[in-house]
Amino acid sequence: GEMYLNYAEALNEARNTPGSEVYNSMNAIRNRAGMPDLPAGLNVSQMRDAIRNERRVELAFETHRYFDTHRWKIAAQTDKSPVYGMNVSAGTSLQDVNYYKRTLIEQRVFESPKHYLFPIPQSEIDKNPNMVQNPGW
């Protein structure tokens, strides 16, 4: 699935309109999952949204989302939300109201543009006097 998605995304971004190759790649993934074809006539922006959503669903739990949001430069919007979980140790049974209590797990912080890049290890900078640390690090 990932190769179809990569191909569809590259073609969509390189052209002024999503062509049949983009639709064929996207629909191959959707049809495999028993989903209908994408509607015809999407513009580049609409197809971009469809591709991004399909990546989110198709590649869920495969650690792609972090790198996708950074590559698309949307991490400043998507990576600063708090992370919630369930406090399953609070209750004694499924009927206990505390069992399903939504609990803050992590308050994320995203600083743009700093967090779009990783810091370069100091040992690598020490090896090359021409190397400069990434901005903000």
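None of the figures in this text is laboratory data; all of them are computed from the coordinates on show. This one's a predicted model, so the numbers in the text were calculated from it and none came from an experiment. With ideal geometry, Cβ positions are generated from the backbone for all residues, glycine too; neighbour counts draw on all protein chains shown.
For the reader, a short list of remarks on this structure follows.
- For the stretch 20-101, the helices (runs of 4 or more DSSP H) that sit wholly inside it and include 1 or more residues that are surrounded by 14 or more Cβ atoms within 10 Å (Cβ to Cβ) and among the charged types (D, E, K, R) are 20-32, 44-58, 65-71.
- Exactly one residue out of Leu104, Leu117, Leu38 is under 29 Å from Pro135 (Cβ atoms) and in contact with a Phe, Trp or Tyr (Cβ under 8 Å, 6 or more places away or on another chain), and it is Leu117.
- Hits in the stretch 103-131 (condition: among the aliphatic types (A, V, I, L, M), touching a helix residue (DSSP H, G or I) at 6+ places or on another chain (Cβ under 9 Å) and either in contact (Cβ under 8 Å) with a residue 40 or more places away in the chain or farther than 23 Å from Ala76 by Cβ (or both)): Met131
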